[in-house]
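Q: I'd like to ask some things about the structure below.
The values are calculated or read from the model by the stated rules, or taken from the named source; none is laboratory data. Given the structure is predicted, the values throughout are model-derived calculations rather than measurements. Every residue, glycine among them, receives a Cβ derived from its backbone with ideal geometry; neighbour counts consider all protein chains shown.
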Amino acid sequence: MPQELTDEEQQARRAKVAASNRTFGRVLSVIGVILSTVTLMLLVGGGVVMSALDRAQTAGANRSDLEPIAGVAGTAMTAAPGVVLLFAMCALIPGEQLRRGWIGPSAKPQKGILPSASMVSQFRILGFGWHFGWALVGLAISAVLIGIPLSGWLGGGWPSTLRTTYDFTGFWVIYGALAFAITITAFVSLAKKAWYLSALRRGVATPAGGPGKAFWRWLDYRWRFDLWIGGIGGLLIALSVTFLAGAVGPTGTSAEFAIAFRSFLLLAGAGALLVVLALVAAAQFWRAGESLGSGESFA
């Protein structure tokens, strides 16, 4: 029969496991950052290669000789960044939770038709400075990926002058829109944190929660729908610029611009409305009766 551990031995064992988890979390976080950087490098590298191929064809190179290279560069900007980014998120999310806390089985899983909340996590929330800094990084990336194609459409210069075969602006705008969606999510999360900590200092954020506790717990805590709504809003705002392609700049007509601008305003307005709704929902997190640095699984 195995000998039971003493209280001191159990405490030492828990401390050892916690330290091991933090180390593993740091490794996962580093892997996630590296993969995110690779995603950006694929997009930028693909754009640089496409531009070089366009210049080469202008200089007299045979198009058939350039097409295989263009195919590789195109692949590097289509599915590859999405797959790499998916793996990056799979490393970053649990990595940050383990680095700053723990993930483990729930002592009180919720029962129902399907089991839920079987796993819970507790983690130290990111400081305001780091949070704001990472949001600015996302804003800078989305500004580059969307701003460069947009400047070409508006001014009629590169990269709008590229031949269709080498046009990479669509890839950049799509991934730039995803980056902007993540950035808006980060800013909504930052506002959520500020409002929650303010409620905590005022003594209204307690385990008892507030009016509508069940609803706000489901919306803001269990599913984090406030962040999802903000991200979708950011995505719509970023994608709204695609209506301007071909309707602005030297080749656009006033009639084309009028139609495109109306569509731009509608989509951007819908996105802005979702962001406002996300902020309103985020401000109600204190009603959920939960700690901001915690979470639970769906299953």
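Conditions tested, residue by residue: (1) assigned to a helix (DSSP H, G or I); (2) at pLDDT below 95; (3) within 26 Å of residue 183 (Cα to Cα).
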position	(1), (2), (3)
5	no, yes, no
20	yes, yes, no
28	yes, no, yes
39	yes, no, yes
53	yes, no, no
70	yes, no, no
76	yes, yes, yes
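Q: List the helices (runs of 4 or more DSSP H) inside segment 205-299, counting only whole elements, that have at least 1 residues being at pLDDT below 95 and within 30 Å of residue 160 (Cα to Cα). Don't jump to the end; show me each part of the working.
A: Details: elements: 213-216, 225-239, 254-282.
Ranges flagged: 254-282.
Q: From the residues in segment 118-142 that are among the small types (Gly, Ala, Ser) and crowded, with 16+ Cβ neighbours inside 10 Å, which one is nearest to residue 98 (Cα to Cα)?
A: At the first step, the residues of segment 118-142 found to be among the small types (Gly, Ala, Ser) are 118, 121, 127, 129, 133, 135, 138, 140, 142.
From what is left, the residues that are crowded, with 16+ Cβ neighbours inside 10 Å are 121, 135, 138, 142.
On the way: 121: 9, 135: 21, 138: 23, 142: 28 Å.
Residue satisfying both the conditions and the ranking: 121.
Q: Within the bounds of segment 100-112, is there any residue that is under 18 Å from the mean Cα position of the chain (by Cα) and not basic (Lys, Arg)? If you could, list the steps in order and put the result at the bottom.
A: First, the residues of segment 100-112 that are under 18 Å from the mean Cα position of the chain (by Cα): none.
So far as segment 100-112 goes, no, none of its residues is under 18 Å from the mean Cα position of the chain (by Cα) and not basic (Lys, Arg).
Q: Can you go through 226, 220 and tell me which one is under 13 Å from residue 283 (Cα atoms), touching a Leu at 6+ places or on another chain (Cβ under 7 Å) and crowded, with 20+ Cβ neighbours inside 10 Å?
A: Working: 220 fails: touching a Leu at 6+ places or on another chain (Cβ under 7 Å).
Residue meeting the stated conditions: 226.
Q: Right, another one. Under 8 Å between Cβ atoms, which residue pairs at least 6 apart in sequence (or on different chains) link something in segment 197-215 that is under 9 Å from residue 288 (Cβ atoms) with a partner that is among the hydrophobic types (A, V, I, L, M, F, W, C) and in a loop (DSSP other than H, G, I, E, B)?
A: Short answer, once both residue conditions are applied: 210/204.
Q: Which of (1) loosely packed, with under 15 Cβ neighbours inside 10 Å; (2) of a type in the set (A, V, I, L, M, F, W, C); (3) under 20 Å from the mean Cα position of the chain (by Cα); (4) closer than 16 Å to residue 172 by Cα does residue 33 not meet, given it meets every other one?
A: Result: residue 33 passes all but (4).
Q: With respect to residue 45, is the statement that it is surrounded by 16 or more Cβ atoms within 10 Å (Cβ to Cβ), over 17 Å from the mean Cα position of the chain (by Cα) and assigned to a helix (DSSP H, G or I) true?
A: Values: surrounded by 16 or more Cβ atoms within 10 Å (Cβ to Cβ): no; over 17 Å from the mean Cα position of the chain (by Cα): yes; assigned to a helix (DSSP H, G or I): yes.
The answer is no for residue 45.
Q: Also, I was wondering about something else. Look at residue 33 and say whether it is aliphatic (A, V, I, L, M) and farther than 30 Å from residue 148 by Cα.
A: Working: aliphatic (A, V, I, L, M): yes; farther than 30 Å from residue 148 by Cα: no.
No; evaluated as a whole, the condition is false for this residue.
Q: When segment 53-72 is examined, which residues are found to be farther than 14 Å from residue 164 by Cα and not hydroxyl-bearing (Ser, Thr, Tyr)? Don't jump to the end; show me each part of the working.
A: So in segment 53-72, the residues farther than 14 Å from residue 164 by Cα come out as 56, 59-62, 64-65, 68-69, 72.
Scanning segment 53-72 gives 56, 59, 60, 61, 62, 65, 68, 69, 72.
Q: Is segment 179-188 home to any residue that is farther than 18 Å from residue 268 by Cα, at pLDDT 95 or above, in the same structural domain as residue 117 (by TED's automatic domain parsing) and part of a helix (DSSP H, G or I)?
A: Quick first cut of segment 179-188, residues farther than 18 Å from residue 268 by Cα only: 186.
Now restrict to residues that are at pLDDT 95 or above: 186.
Narrowing further to those that are in the same structural domain as residue 117 (by TED's automatic domain parsing): 186.
Filter once more, so that each one left must be part of a helix (DSSP H, G or I): 186.
Yes, segment 179-188 contains a residue that is farther than 18 Å from residue 268 by Cα, at pLDDT 95 or above, in the same structural domain as residue 117 (by TED's automatic domain parsing) and part of a helix (DSSP H, G or I).
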